[in-house]
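Structure first, commentary second.
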Amino acid sequence: MKISFIGAGSLVFTRNLLRDLALYEEFNNIEIALMDIDVERLEVATKIAEDIREKHNKNWRIKGYMDLKDAIEKSNYVINTVQIGGKEATYIDFDIPEKYGLKQTIGDTHGIGGIMRFLRTAPFLKNLVTAIEEYAPSALFLNFTNPMSMNQWYINDISDIKNIGLCHSIPYTIEQLASYINVPINEINYKVGGINHMAWVLVFERKNENLYPLLFKAMEKEEIWKKDPVRFEILKRFHYFVTESSEHNAEYVPYFLRDEESIKKFYVPIREYIRRVEENERVFEAFKDYYLRNNIDAYKIIKEYYGDEDHDISKEYAIQIIHGIETNNPKLVYGIVRNKGIIENYPKDSMVEVPCYVDRNGISPLYVGYIPDQLASLNLLQINVQRLAVKGVVERDRNYIHYAALLDPVASSLLSPNKIFAMVEELIEAHQRYLKDLFKE
């Protein structure tokens with residue numbers, strides 16, 4: 001069995017997934033291909049893989065690649081964690097909108113930042129999908145790269161390869177909710193459905209007891225409310241809890257970035273993703289010091305951010321999926337897939353995040369049904385933007401990118417159409433090196 005990691009220089013993902021892989025005794029004699037265009041990051045990723053192999057006494061055949069074809073050829077599973085543009089492009093996505101009066105927190109999934117990240121990523125995704133079709137046509141493509149919904153929509157529009165989008169927001173959300181109501185997580189039964197980063201906890205119970213009343217009561221406590229103010233406000237108004245975090249959801253709906261008073265009231269961390277990018281840069285330097293310069297003390301910094309060597313299966317689903325398929329040991333995971341009627345009141349071509357059953361037959365999304373209208377309406381605001389952005393790339397027509405931006409709930413609540421148009425044009429120009437000939441002249 002061969003597993004290819006594309007964007008292996010995303011070290012935290014690569015490290016967590018390799019450590020998950022090492023915990024399964026069935027995955028002792030496998031081939032691991034690590035691919036990245038950054039020489040230093042690839043070297044560090046390779047060292048991490050070799051370190052994990054040694055600590056767990058695995059017979060892994062590990063090799064680093066800078067060529068996509070060689071890394072993917074004859075692979076059974078292709079895992080993508082690429083971030084196109086890196087730090088420089090992220091700053092652009094925040095700085096230009098701020099100049100026009102639009103503040104952001106994360107900017108990687110929905111909104112103007114999400115649209116721009118999708119535009120940068122689409123040319124790479126097309127190359128990657130084409131390579132899989134040619135060199136590993138039977139492989140399962142597991143995608144971690146945001147913006148998840150737009151990326152997955154695009155992949156499924158241009159290719160028939162087997163694929164799934166993956167995110168850890170649902171298990172982390174349930175873990176948080178368990179802590180808020182002081183109920184052991186292993187006693188909680190839950191069902192979630194919606195779109196990525198904006199899915200809804202539809203069932204939240206212990207045995208036959210609905211746990212939502214405990215959650216409503218818990219959010220009345222100031223110390224708990226302050227941990228998740230945006231999501232608690234959404235719960236208060238729409239009566240269901242939403243996945244991902246308060247900082248993410250602050251920029252998905254048009255209520256929390258309107259003015260400084262709202263930003264302060266709901267503790268919205270403006271430019272939070274910039275802080276994380278800079279933090280990740282510091283940690284990458286620690287990885288380099290430890291693995292390339294033999295600085296043992298640097299491991300203290302890695303440990304500070306990512307914990308000890310003791311490691312249970314992470315909340316990333318990729319290796320669980322591979323194990324379920326390879327061993328026929330059934331798993332229940334959450335993934336981003338084409339709707340096709342799984343959620344009755346969402347467009348059939350939209351990308352939804354739903355429970356999926358995994359065994360030797362592959363990935364089988366499970367029927368969710370009808371989602372409450374108020375929740376579906378919030379999701380549809382984003383689904384409409386996603387559809388237009390993807391259409392703009394597929395048809396190579398930048399007009400659809402403008403349509404998408406004009407319909408974004410946050411941008412349209414803060415900026416005039418003229419400002420939105422000018423902002424998008426400036427962003428497209430600033431990202432031209434990544435977009436290449438994406439749009440027709």
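The values are calculated or read from the model by the stated rules, or taken from the named source; none is laboratory data. The model shown is predicted, which means the values in this text are computed figures rather than measured ones. Neighbour counts are summed over all protein chains in view; Cβ atoms, including those assigned to glycine, are modelled from backbone coordinates with ideal geometry.
What to note about this one:
- Scanning the range 8-46 for residues that are part of a loop (DSSP other than H, G, I, E, B) and under 23 Å from the mean Cα position of the chain (by Cα) gives Ala8, Gly9, Ser10, Asp36, Ile37, Asp38.
- Residue list for the range 296-345, filter: of a type in the set (Phe, Trp, Tyr) and in contact (Cβ under 8 Å) with a residue 40 or more places away in the chain: Tyr306, Tyr317, Tyr334
- Checking each residue in the range 307-335 for being at pLDDT below 90 and surrounded by 14 or more Cβ atoms within 10 Å (Cβ to Cβ) picks out His311, Ile313, Ser314.
- Failed condition for Ala49, given (1) under 23 Å from Gly324 (Cβ atoms); (2) in a loop (DSSP other than H, G, I, E, B): (2)
- Within the range 54-82, the set of residues being under 21 Å from Val39 (Cα atoms), in contact with a helix residue (DSSP H, G or I) (Cβ under 8 Å, 6 or more places away or on another chain) and not basic (Lys, Arg) comprises Ile62, Gly64, Tyr65, Met66, Leu68, Ile72, Glu73, Val78, Ile79, Asn80, Thr81, Val82.
- Residue match in the range 389-402 (condition: outside any helix (DSSP H, G or I) and exposed (fewer than 14 other Cβ atoms within 10 Å of the Cβ)): yes
- Within the range 92-115, the set of residues being over 13 Å from Glu251 (Cα atoms) and out of contact with any helix residue (DSSP H, G or I) (no Cβ under 7 Å at 6 or more places or on another chain) comprises Asp95, Glu98, Lys99.
- Qualifying residue in the range 408-416 (condition: part of a helix (DSSP H, G or I) and free of Cβ contacts under 8 Å to residues at least 40 places away in the same chain): no
- Just one of (1) surrounded by fewer than 23 Cβ atoms within 10 Å (Cβ to Cβ); (2) closer than 27 Å to Glu285 by Cβ; (3) at pLDDT 95 or above fails for Phe27. It is (2).
- Figure legend. Inter-residue proximity from the range 350-362: first residues over 16 Å from Gln152 (Cα atoms), second residues among the charged types (D, E, K, R) and in a strand (DSSP E or B), beta-carbon distance below 8 Å, spacing 6+ or different chains. Indicated pairs: Pro355/Lys191; Tyr357/Lys331; Val358/Lys331; Asp359/Lys331; Gly362/Lys162.
- The range 103-154, subset over 12 Å from the mean Cα position of the chain (by Cα) and of a type in the set (Asp, Glu), residue surrounded by the most Cβ atoms within 10 Å (Cβ to Cβ): Glu133
- Taken across the range 369-385, residues that are aliphatic (A, V, I, L, M) and over 22 Å from Asn249 (Cα atoms) do not occur at all.
- Residue tally, condition buried (at least 19 other Cβ atoms within 10 Å of the Cβ) and either among the charged types (D, E, K, R) or within 18 Å of the chain's Cα centre (by Cα) (or both), over the range 175-200: 9
- Any chance Leu235 is within 28 Å of Asn16 (Cα to Cα) and modelled with pLDDT of 95 or more: no
- Residues that are surrounded by fewer than 20 Cβ atoms within 10 Å (Cβ to Cβ) number at least 3 in the following helices (runs of 4 or more DSSP H) confined to the range 235-293: 260-265, 272-292.
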